[in-house]
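Beneath this line is the structure, given in structure tokens, with notes to follow.
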Amino acid sequence: MKMTLFSRNSIVIIVAVISGLGAEQSIRADGPTNNIVNTPANSTTNQTASGLTNGLTQPLMGLKSISIRECVERALQNNFDIKIQRVNPSIDSWNVIYQQGIYDPTLLGSASYTDDKSPNETGPSTKTVTLSPQMDLYGKFASGATYDLNASPTRTRVYSTSNTIYSGASTLTLTQPLLKNFGFGANSALIRIARKQRDIDAQNFMNQVITSISAVYNAYYELVYAIENHKAKSEDLGLAQQLLDENRKKLQIGTMSPLDVVQAESGVASREQAIILAERTIKDNENALKLLISQNVGEFQGESFVPVDYPVVEMIETDVARSVRTALESRPDYIAAKQAVDKQNIQVKYNRNQLWPEIDLTGSYGWNGLGGNFDNWADNVNSRDNPVWSAGVTVTLPLGNRQARASYHSSQLQAKQLLLQLKQLEQQIIVAVDNAVGHVRANLKSVEAAAAATRLADESYKAEKTKLLAGASTTFLVLQAESELADARSAEIRARADYAESLVTLAQQEGTTLQKNNIALE
């Protein structure tokens, strides 16, 4: 065990460090939006979990050694929760493009043909054929102004006179809102809201990665616990079986009563039952881990995992205040909550703008043209000898305006609600971090106490066994001491697993899981 001293104001704890977390590898998760990249770090001390499968009562079809690093890599590539959440930022990016599309210009072309034959009292009917093509290029500026560039050369032919005339104008019309929908703020609101939503979903994706990685660590530790607990149960069964064999020999030579043999047989039977339950726990925890790291658990059909990484103990310090500051700076859910408040404030400002009446200033300018054919008409327009212009104001005042007022007040209340939720989350984070640090400290003490309890239980068992050999104890008391030793070993294993998982929880509550695993989201 490596010991590092800190200042007397620091709180020193023992940390379980999983080997391989700093292995010089890179992880890249394929996906439409985010790449997950693991950056190199210094390797940490590692201990192989040799003999984890010792004592299994049934042979396994196949053993697969697996490290925590491999589990994390597989989860980043295959975990369904991560893959599902990864899609949302891509959807949001397309929504940003969709909102930006309001500034795309539109080209409109149309044409109409009219054949008009009118009666004439003094002569034959008059037939007039009119062909009216029209071309428009229109769009919108970021200030809210709209533009429309129009060209409409109309061809008119009167058959009674055999005259063909091209007439019409080419004009540019601009309309600028003066109150409602005026300015860059109002007209870019929906784009900025879409961008905020994209940022929120990026943080949600990061939060999902942290959650999934933490779940992988916990499942891995639970599997290690289950296998180690099975070993302890197997050792306990071995001791009980040894006691039974000794009692049977003593019964044959007349130095042991039949009751002692029955008690020893009962002890063996109860421990065999414990072995069966321990094996089922291994399988359940193994399946839980497989589900987290695979898109198809069938790929591991017939294989049993053998964890190769053990927690290694070294010293670091914890500080609640520092961890709280880190959490409020790093936790993706808190950052997303702040961005949600910003997003709603944009909506409030936009809805406030919609309360104004519509007062639109409109102006147009162009040139008329006239000619016997299209070229003449175009030359006449380009000569700019016949200008046409107009100016005007359009006022639209909705009476009551209840929809706009309702939207504004509703968005205000939603903004207040989101701010309250942000403050609530902040308090929840403070409490959660404090609890996480407290659990780390408590579980450390639990590990130390459990180790001492195991040592004392072992001494007690050996003493009771010695007394039995000397005829000063009974089989019942020896079995009781064996049971207490097995319980102490299981409690120590459980305490180590709880301690390791509490470190995972602390990193998750601080929002530092990705940094500690050298994972960057791009």
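The values are calculated or read from the model by the stated rules, or taken from the named source; none is laboratory data. Just so you know, these numbers come straight off a predicted model, no measurement behind them. Note that each Cβ is placed from the backbone with ideal geometry, even for glycine, and that neighbours are counted across all protein chains shown.
Surrounded by fewer than 22 Cβ atoms within 10 Å (Cβ to Cβ) and either of a type in the set (A, V, I, L, M, F, W, C) or more than 28 Å from the chain's Cα centre (by Cα) (or both): is that true of N187 in this structure?
So N187 fits the description; yes.
A quick yes/no check of all residues on (1) crowded, with 19+ Cβ neighbours inside 10 Å; (2) of a type outside the set (K, R):
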| position | (1), (2) |
| --- | --- |
| V437 | yes, yes |
| A442 | no, yes |
| K462 | no, no |
| L468 | yes, yes |
| D487 | no, yes |
| S490 | yes, yes |
| A507 | yes, yes |
| N517 | yes, yes |
| A520 | no, yes |
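Just to verify a result, which residue in region 299-327, among those that are touching a helix residue (DSSP H, G or I) at 6+ places or on another chain (Cβ under 6 Å) and in a helix (DSSP H, G or I), is nearest to T211 (Cα to Cα)? Step through it out loud before you land on a result.
So the first thing to find is which residues in region 299-327 are touching a helix residue (DSSP H, G or I) at 6+ places or on another chain (Cβ under 6 Å), and the list is 300, 305, 307, 309, 311, 318, 320, 323-324, 326-327.
Still in the list and also in a helix (DSSP H, G or I): 300, 320, 323-324, 326-327.
Working: F300: 23, V320: 21, S323: 18, V324: 18, T326: 17, A327: 15 Å.
Ranking the qualifying residues of region 299-327, first place goes to A327.
Would you confirm, using the coordinates I've provided, whether T173 is surrounded by fewer than 19 Cβ atoms within 10 Å (Cβ to Cβ), in contact (Cβ under 8 Å) with a residue 12 or more places away in the chain and under 20 Å from D104 (Cα atoms)?
So T173 fits the description; yes.
Taking D309 as meeting all but one of (1) assigned by TED's automatic domain parsing to the domain that holds N218; (2) buried (at least 20 other Cβ atoms within 10 Å of the Cβ), write down the number of the exception.
Here D309 meets the rest and fails (1).
Just need a number here: residues in region 95-108 that are loosely packed, with under 10 Cβ neighbours inside 10 Å and more than 16 Å from S188 (Cα to Cα).
Here the count works out to 0.
Can you spot a residue in region 277-290 that is touching a residue at least 40 places away in the same chain (Cβ under 8 Å), over 20 Å from R74 (Cβ atoms), assigned by TED's automatic domain parsing to the domain that holds T474 and touching a Ser or Thr at 6+ places or on another chain (Cβ under 6 Å)?
No; the residues of region 277-290 include none that is touching a residue at least 40 places away in the same chain (Cβ under 8 Å), over 20 Å from R74 (Cβ atoms), assigned by TED's automatic domain parsing to the domain that holds T474 and touching a Ser or Thr at 6+ places or on another chain (Cβ under 6 Å).
Among the residues of region 371-419, what is the count of those that are in contact (Cβ under 8 Å) with a residue 40 or more places away in the chain, part of a loop (DSSP other than H, G, I, E, B) and of a type in the set (S, T, N, Q)?
Residues meeting the conditions: 2.
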